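Participant: Submitted below is the structure of interest, expressed as structure tokens.
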């Protein structure tokens, strides 16, 4: 049906005010208006997005400085005509019309006061969307994922098989096997299929980096032509993945930033429209629904493409929403819905080990997604235990039983009644410590608003934001509070500690002045008035934007020092993140079947001969230091079995060492045994790799692991999770990881001439041709991990100059890959400029070399300063 826009007749609703007034007026009459009567103000309420056929109630309000509101007058001024029905004070109701595509209805509200004065009109826009036939799908990562897929899902997204780097890792030798399997399965079972993805700055072919822009463009055209020829009827395509976080290194071949700042993105969608004219073209990115500012930034990209009729859907990844409030996610969906396009929730997972907590959060967020009129489909990123990107987000257990969250999903999607009885009551596990102290890791907060859990810290902490820790057990002997934080330049903010309620009075307020930068963590300690019992602890951020990046908060006895376990989750109560399955294969998950302490342990199952359950200690250990190591293990074999705790230690210039810390040659079945030893690091060892793992257990035996500890001497914890040693350059010597790469000769030194924060920065001078300042991250990164990169740069000019930060990645058996991480096409001289980006290490990459280096700097630039350089895991 064709909709035309035309003015609609006014519906006037006059309602007497219930408020008191000193004017003795029975009816608002123009003759009674006095010269000094102030006009009232109308508020038509927030914009709305609804589905066709929905009953819509507009709720307006009015205010009057010198009287009260006597009547409300609603009118429709544009959009398909509807009939307004008056309701109670300030409300009117209508039925959303049937539409073929997104349509906007605009209504105005005017109010009159009891003196007869009328307000200016205030408008509200109601976007009406057609009813979508929603799908619920999953991502395919393993061949066994197909076995029960159609039981639960009606849509498929290949997790890796459709990425250019997976298909054509060798130039002109594409491998379509896994993608063909997924596509054929979808067609054979009448499932929706989404191609993921044509362009992504991460999993692209390594060989494309070394080509000229012209050659890259030819390869891009060939890639699109090949995909279109092989799969001519694709329904949905993620055209560009993560443009805000990982633009492709070959973006110049697509037009670069250009006049719009996003010409390369526009070109990518133009090419996709040319090759796939009948497909739904989708943009996809992450960390969009967490924060209002991120949603607005993403909407600007959507609008840029939508104004050119290049985009058909908005993709939003739904990782890392565990601590977000459903109401905030819904508000951000409303913002995106204003574009009038269907929204595809592309990568949902809820990473909670506790089944009840998982089910409750899944219900909260999935209900928001499924019932939002703009959402056309939801894709869960995998579903089987042990084969998920995030270890505790599974829906179907390894033994084939359905998790409580999946049982609720089945019931809800079938539109059955009383589905909520399938969701167990969640009782917070709470937070408890020793008699001396309790540490609250900031990123593990239970609930919060306006902040972001980024790696091992909480960031984006602005005025009015807050986080909550539920059921904290206090000890009346605790008389001290500490917070470990980092803050760049700017005015000091503060945190308030409030007990029981966000609205409670401050139990403590702590000022957080600037440290030496956003990656320089320091500890502030304050007196704490002792309390006892169990309390919810709220941490509110006050005074400024950017209060600080928070690592941990601690209550305890003054002077007490914590035991510093370098294994961040050795109790497995929060999951198995950080642990790898090892080279023996198999799967890792947490389990409540056995536990040495607490409620959970790590289950290693399905492995063959070799190492299993691995933990990387490379960046955590120091030369010349000894570390006591302890772990408990239990196996379920038929009889006694061997379990060995091992460390692999690789020192620069030395042969790799494989050290048996402890060997239990005859560990009895179903019995916890302790494995302990001392890990000794020689003073002359420059650590390239340090790996803790288990081995020698017969393949196929299930092994449960718990209470893993690698204890660092002293009470100090690592200052930050920044992989750049002294990224604030406040020390006296430059890290050995820095070098004037390729030809050498360029001078790199710590200098107090300039500083973005603190008092020093890295000065790069006496630049030699083909000498590229470089930082070696080879021994510090992990396969399958993604890292946020941030730094501040200043150059001496004389004019604005281009500066690029590039990643060189060498994976075992693969071509060298050069990926752009961050760039500034025209950086002003003598001004600090922030550069940000993302680097990702593929999960199948054995890293032989990874370094960040600067390039593209004109010869006329004599001096470069670097400060606040951080590379932090997401």
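The values are calculated or read from the model by the stated rules, or taken from the named source; none is laboratory data. This one's a predicted model, so the numbers in the text were calculated from it and none came from an experiment. All Cβ positions, glycine included, derive from the backbone under ideal geometry; neighbour counts span all protein chains shown.
Participant: Restricting the range 608-635 to residues that are in contact with a strand residue (DSSP E or B) (Cβ under 8 Å, 6 or more places away or on another chain) and more than 22 Å from residue 676 (Cβ to Cβ), which is surrounded by the fewest Cβ atoms within 10 Å (Cβ to Cβ)?
Facilitator: Checking each candidate, the answer is 623.
Participant: Here is a follow-up. Working only within the range 403-434, note down all residues that are assigned to a loop (DSSP other than H, G, I, E, B), farther than 21 Å from residue 447 by Cα and touching a strand residue (DSSP E or B) at 6+ places or on another chain (Cβ under 9 Å).
Facilitator: 403, 434
Participant: What pairs come up if the first residue lies in the range 256-273 and is in the same structural domain as residue 198 (by TED's automatic domain parsing), the second is at pLDDT below 95 and outside any loop (DSSP other than H, G, I, E, B), and their beta carbons are under 7 Å apart, counting only those six or more places apart or on different chains?
Facilitator: 257/825; 264/251
Participant: Here's another thing I want to ask about it. Would you point out which residue out of 216, 148, 204 is more than 26 Å from the chain's Cα centre (by Cα) and crowded, with 19+ Cβ neighbours inside 10 Å? I'd like the intermediate steps shown before the answer.
Facilitator: Values: 148 fails: crowded, with 19+ Cβ neighbours inside 10 Å; 204 fails: more than 26 Å from the chain's Cα centre (by Cα).
Matching residue, one of 216, 148, 204: 216.
Participant: Which members of the range 473-483 meet the condition of being in a loop (DSSP other than H, G, I, E, B) and surrounded by fewer than 18 Cβ atoms within 10 Å (Cβ to Cβ)?
Facilitator: Residues satisfying the conditions are 476, 477, 479.
Participant: Restricting attention to the range 509-523, report how many residues are without any contact (Cβ under 8 Å) to a residue 24 or more places away in the chain and surrounded by 20 or more Cβ atoms within 10 Å (Cβ to Cβ).
Facilitator: The qualifying residues number 0.
Participant: Return yes when residue 729 is assigned to a strand (DSSP E or B), under 33 Å from the mean Cα position of the chain (by Cα) and closer than 19 Å to residue 489 by Cβ and no when it is not.
Facilitator: Numbers: assigned to a strand (DSSP E or B): no; under 33 Å from the mean Cα position of the chain (by Cα): yes; closer than 19 Å to residue 489 by Cβ: yes.
For residue 729, the condition - assigned to a strand (DSSP E or B), under 33 Å from the mean Cα position of the chain (by Cα) and closer than 19 Å to residue 489 by Cβ - is not met.
Participant: Hey, another quick one. I'd like to verify a number: residues in the range 647-662 that are at positive phi and surrounded by 13 or more Cβ atoms within 10 Å (Cβ to Cβ), how many?
Facilitator: 0
Participant: Can residue 314 be described as in contact with a helix residue (DSSP H, G or I) (Cβ under 6 Å, 6 or more places away or on another chain), more than 27 Å from residue 426 (Cβ to Cβ) and either in a strand (DSSP E or B) or at pLDDT below 95 (or both)? Step through it out loud before you land on a result.
Facilitator: Values: in contact with a helix residue (DSSP H, G or I) (Cβ under 6 Å, 6 or more places away or on another chain): yes; more than 27 Å from residue 426 (Cβ to Cβ): yes; either in a strand (DSSP E or B) or at pLDDT below 95 (or both): yes.
So residue 314 fits the description; yes.
Participant: Next up: Here is a check on your reading of the model: is residue 382 in a loop (DSSP other than H, G, I, E, B), modelled with pLDDT of 95 or more, buried (at least 21 other Cβ atoms within 10 Å of the Cβ) and in contact with a strand residue (DSSP E or B) (Cβ under 9 Å, 6 or more places away or on another chain)?
Facilitator: Judged against the criteria, residue 382 is a match.
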